[in-house]
Number of protein chains: 2
Amino acid sequence: MRQVNLGMIGGGTVGSGVFHALQVNGDLLASRIGVKVAVRKVAVKALDEPRPYEIPASYLTTDWQRVVSDPQVDILTELVGGTTLARTMTMAALKLGKPVITANKALLSAHGEALFAAARRYGANLYYEASVCAGIPIIKSLREAFVGNRITHLYGIVNGTCNYILTRMKLAGVDFATALQEAQAHGYAEAEPSLDIDGHDALHKVGILASLAHGFWVNPKDIYVEGLRAITPTDIQFATQLGYTIKLLGIIKTGAGGRRTEGRGQQRKNGARIQVSVYPTLIPNTHVLASVNDVFNAVFVRGDIVGDTLFYGRGAGKDATASAVLGDLADAALDLKFGTQHRVPPFVPHERDGAVAPIAEVRSRYFVRLKVEDVPGTLARIARIFGDARIGISSVIQPAGHQGASVPLILMLHDAPNGAVSQALKRIGQLPVVKAAPVMIRVEDFD
Amino acid sequence: MRQVNLGMIGGGTVGSGVFHALQVNGDLLASRIGVKVAVRKVAVKALDEPRPYEIPASYLTTDWQRVVSDPQVDILTELVGGTTLARTMTMAALKLGKPVITANKALLSAHGEALFAAARRYGANLYYEASVCAGIPIIKSLREAFVGNRITHLYGIVNGTCNYILTRMKLAGVDFATALQEAQAHGYAEAEPSLDIDGHDALHKVGILASLAHGFWVNPKDIYVEGLRAITPTDIQFATQLGYTIKLLGIIKTGAGGRRTEGRGQQRKNGARIQVSVYPTLIPNTHVLASVNDVFNAVFVRGDIVGDTLFYGRGAGKDATASAVLGDLADAALDLKFGTQHRVPPFVPHERDGAVAPIAEVRSRYFVRLKVEDVPGTLARIARIFGDARIGISSVIQPAGHQGASVPLILMLHDAPNGAVSQALKRIGQLPVVKAAPVMIRVEDFD
């Protein structure tokens, strides 16, 4: 049986998970694909770091460059995280024509295009199933199984930390700070949690999915992002009362803000504008995504041929991530065996005129929470501003039982562009009867 | 750009769906994979049949043999259904070394091994994503994405007709016959519905999934199957009261009935025995599969590395099935382009000693519905029989409000082998106080 030798860079949570999975299921993998994968060396920062799974000392080295350049090493895994050294390591391997498997969404988000170009130039390939939702095979499904579909809608719960926090806020009734502390106590959130709770991790993943679905590389700067910090138990409570659940949703949607038609003749650009965004969203309780709880991830994909589909699983963790790395490893090993390193290239640009719609042009419905003075005429003043902006109000809740000078006021707005709603809310925030900055959460009906 | 020519056999529901999808998204597919797929001919039974999507007359022929043998045809789709002529057609193409894409689960169930052997012998390949759950990429996920996992549990709602019927029975409160009529009126069920409602269609799919997951070809005769005909509104009602939903579930589970250890020395067989079955099952309302409604399909997969995952989508229909055929077509076209027709073979046997556990040895929990005489001592007689068989009773419901000589009695039983429960129920059915054959529905807790 053909053997390929694996050089691993990174032996921490994910790296040791991959090493362990290969110990446990390496023979099974070999019997399934007809290629034996042998770990040759594992480059680590320090030999004596604690690891979730043990790696025997004989495998370890602190010299990643020797692992990359070892002529016996056929395939590399980059599992160190970060974007600077990881880029250097990945580039070094690609330049030697060696395929690289990475779980590093931040690396792809920051340097994807340069890495894909290097892979092409040096006849290597870059595999990254593990970078988005770990064990859920969403990358393979988008670019292989759904290759005959236009992906009209994609909605993803792609950050397990945020989903755990929102699940606890809804089901246990705790506030954001308490839910975050619980997530930290369980090891689901970092001590410095902003990468997760401000939506940046979700943004990295959504950018990769949008690029694959729509065939142009989406610049992370064009992705609108809002995190969870503004969500309060009051929002959860009223959302529930209205039949909704709040989820941090990555949204990739065609038909946002109309088609772009610029220039003329040969230069005419007529690409589709797509919405690409990450924000807390009210979704109907009856939608399947509303039942995705705790640290689980799910990606809902609507294709023009396949219709509605959903992929669900653990989106993080050493084992679920290792499963995706092993899937990529099988592909890489088969591609080496058959000499087809570019059978499925890391990224195929196929929509040269695609563009991300600015958030101001994106339309949705809205949940608005205001803190207002409890005096007659307050609602009329607010309603007039929405009316002037041609934004319809579909319902108003003035909850009973609140005492004092200021009370909450909840409004549901009809479909309108984000820009118009933001402007109206700015004017409303300046009214003397409004006592705090308005909070707006978008509503998704999956039409 | 490289072009491959497609010969289609079958231009009915699925065939015309594939033709249509290629008209709509053929250019997109080509720009993504770098290979243009051109339809050369479509062989049909009669030129003037009505079709869901039109196929221009210039493509049509009634001579399938000329389509197969046309030297310009590189790839074939077999979308005619049935097992006799479909086998002849598929064999003819494979013998010419031409890859075949099929959506025909009955063909694979009946003749899979012979077809796989022919594909190997003649250097062709057979692609069949569309044969299981249409647009849901479960075949690709099992044999590529999860290739590094032992699949310990797989639970599938794999027949849309049955799921529609059970959804209507639960949510609209109608009986089985009415729900079946509704399914027929919607075109979800055939006039002769037994293939669906007796579980045979699900059996074909579950056999394919079990074979791929466990690495030995599962003989359909070894798969235990029960259909829906015995399910009554009473069962749905009490299941709901107990916190359960009834689904027709395909179950593939390791650890069923213990490991098999036969023979000695070199001949020692030590393969795992797995449960492979299809039957109506009570599942907890809180489980994600309980929310899969109407004609949707879902497959829940637990891998030893990846953990719990779920795949959801439309499991039938011309478009969802066409999506899977196009995914296979992309793989087949790339395999032709790169000369790697055996990169992922149709089936890789990797567990020589695997076997299906007889249903009598499979353990589960049970919901039992009896029709009994409403006299003192009835429950005691029944409980004694279960006690003698060492089967525990976890709860009993004697519903109020029933008048007359015989009343329903619902029991929930603890974990026990199927054989023991069947024997006990046979004895119970012979008691003079029991007025109808006992009905038993298995309970799955997903432990």
Determine whether region B:252-267 contains at least one residue that is at pLDDT 95 or above and buried (at least 16 other Cβ atoms within 10 Å of the Cβ). yes
In region A:392-411, how many are hydrophobic (A, V, I, L, M, F, W, C), open to solvent by 40 Å² or more (accessible area, probe 1.4 Å) and not in a loop (DSSP other than H, G, I, E, B)? 2
Set A:ALA210, A:ALA130: member being within 27 Å of A:ILE305 (Cα to Cα), within 14 Å of chain B (Cβ to nearest Cβ) and assigned to a helix (DSSP H, G or I): A:ALA130
B:ALA114 - would you say it is touching a residue at least 40 places away in the same chain (Cβ under 8 Å), over 21 Å from B:ARG343 (Cβ atoms) and open to solvent by 10 Å² or more (accessible area, probe 1.4 Å)? no
Tally time: how many residues in region A:1-26 are of a type in the set (S, T, N, Q) and out of contact with any helix residue (DSSP H, G or I) (no Cβ under 8 Å at 6 or more places or on another chain)? 3
Exactly one of A:ALA332, A:ALA324 is of a type in the set (A, V, I, L, M, F, W, C), open to solvent by less than 20 Å² (accessible area, probe 1.4 Å) and away from chain B (no Cβ under 11 Å), and that one is A:ALA332
Reported set for region A:143-166 where residues are within 14 Å of chain B (Cβ to nearest Cβ), open to solvent by 10 Å² or more (accessible area, probe 1.4 Å) and within 16 Å of the chain's Cα centre (by Cα) is A:HIS153, A:GLY160
Considering region A:25-53, residues that are over 17 Å from A:VAL80 (Cβ atoms) and among the β-branched types (Val, Ile, Thr), and then whichever is surrounded by the fewest Cβ atoms within 10 Å (Cβ to Cβ), we arrive at A:VAL35
Could you check region A:295-314 and list, in sequence order, the residues that are closer than 14 Å to A:VAL132 by Cα and open to solvent by less than 10 Å² (accessible area, probe 1.4 Å)? A:ASN297, A:ALA298, A:VAL299, A:PHE300, A:PHE311, A:GLY313
Against the conditions (1) open to solvent by 10 Å² or more (accessible area, probe 1.4 Å); (2) at pLDDT 95 or above, where does B:GLU192 fall short? Just the number, please. (2)
Filter region A:335-348 for residues that are of a type outside the set (A, V, I, L, M), facing chain B (nearest Cβ under 9 Å) and in contact (Cβ under 8 Å) with a residue 60 or more places away in the chain and give the result. A:ASP335, A:LYS337, A:HIS342, A:PRO345
Given (1) touching a helix residue (DSSP H, G or I) at 6+ places or on another chain (Cβ under 6 Å); (2) in a helix (DSSP H, G or I), number of the condition B:SER422 does not satisfy: (1)
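The values are calculated or read from the model by the stated rules, or taken from the named source; none is laboratory data. This is a predicted model, so every value here is computed, not measured. Note that each Cβ is placed from the backbone with ideal geometry, even for glycine, and that neighbours are counted across all protein chains shown. Heads up: the accessible areas ignore ligands, DNA and RNA and are worked out on the full protein's heavy atoms, side chains in. Shrake-Rupley method; radii C 1.70, N 1.55, O 1.52, S 1.80 Å.
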